[in-house]
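To start, the structure itself, in C-alpha cells.
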Amino acid sequence: MRAFFLSFLLFLLPAAALAEDSGEVILVVGDSLSAGYGLRPGEGWVNLLERRLEREGYPHQVINASVSGETTRGALARLPRALALHRPSLVIIELGGNDGLRGFPLDVMRANLGELIRLSREAGAEVMLLGMHLPPNYGEEYTRRFHQVFVDLADAEQVPFLPFILEDVATKPGMMQADGIHPTAEAQPLMLESLWPVLERLLEVAETAS
C-alpha cells in the first residue's frame, strides 16, 4: 500500500520538481518486480539502475512509476498522465505478470501492451519491453501462449526486448522470496545485469543520434 501511494504522489508533483533539469528521463512502468515488493528502500533493480547510470556517466534520471499488483489495464489508465508529467525519452515496460496470474485473456493483455507502446512513442519516447514467464502450474499451453505474447509483440513493434527479467534468478536458491514469485534483494543486481546490455545499446543509439 505504501508503494502505491508513493507512486501516486509522483503523478501529482509538477514535472519540473521531478526532472530538475538533470537530463533525460527514463520512466519505468511496472508491477511489484519493479516496485521492489518485500525489499528495503533503495534495494530494487530500478534504484540500482539509477546509480549505475550515474556511475557510467549517463545524464538520465529514473522515475519509477511501478505499482505492486499492477495490471496492463491499470498501467494503461495511468500512463498518459505520467508521460505528460515526466516527458521521458525512454519508457521501460515491465508488465503482464499479474494479468497472467489472474488468468486474464491474453488478447486483451497484448492489446494493452501494444497501446502502452503506442502512447509512449506518440509522446516521443523510445520503448523497451521486458518479458515474463508464468509458473508451470498454470499449465503448459497457457504459459507458452502467455510468454509468446511478449515475443510476438516485440517482433511486431520492433522494440528492444528482454525475454525474461528473472532468467538468472528464478531457479537459483536464495534468489526468490518465500512466496516464490518475488525476487530477493540479492537477486536485484542480477536482474539489472540481465537487462543492462539491451538498455545500454538503446542508450548508445540515442546518444549517437542526438
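The values are calculated or read from the model by the stated rules, or taken from the named source; none is laboratory data. Please read all numbers here as calculations on a predicted model, not as lab measurements. FYI the Cβ positions are ideal-geometry reconstructions off the backbone, even for glycines, and counts take in every protein chain you see.
Here are a few things to note about the model shown:
- His147 vs. criteria closer than 16 Å to Asp99 by Cβ and crowded, with 17+ Cβ neighbours inside 10 Å: yes
- Search result, residues across region 177-208 that are within 25 Å of Asp99 (Cα to Cα), of a type in the set (Gly, Ala, Ser) and touching a residue at least 60 places away in the same chain (Cβ under 8 Å): Ala185
- Qualifying residues in region 42-77 (those that are in a helix (DSSP H, G or I) and of a type in the set (S, T, N, Q)) - the one surrounded by the fewest Cβ atoms within 10 Å (Cβ to Cβ): Asn47
- Test: residue in region 169-189 that is of a type outside the set (A, V, I, L, M, F, W, C) and under 21 Å from Arg110 (Cα atoms): no
- Selection of region 27-41 for residues being under 13 Å from Leu90 (Cα atoms) and either among the β-branched types (Val, Ile, Thr) or part of a loop (DSSP other than H, G, I, E, B) (or both) yields Val28, Val29.
- Given (1) over 19 Å from Val25 (Cβ atoms); (2) surrounded by fewer than 17 Cβ atoms within 10 Å (Cβ to Cβ); (3) within 16 Å of the chain's Cα centre (by Cα), index of the condition Asn98 fails: (2)
- Hey, Ala185 of a type in the set (Gly, Ala, Ser) and at pLDDT 95 or above or not: yes
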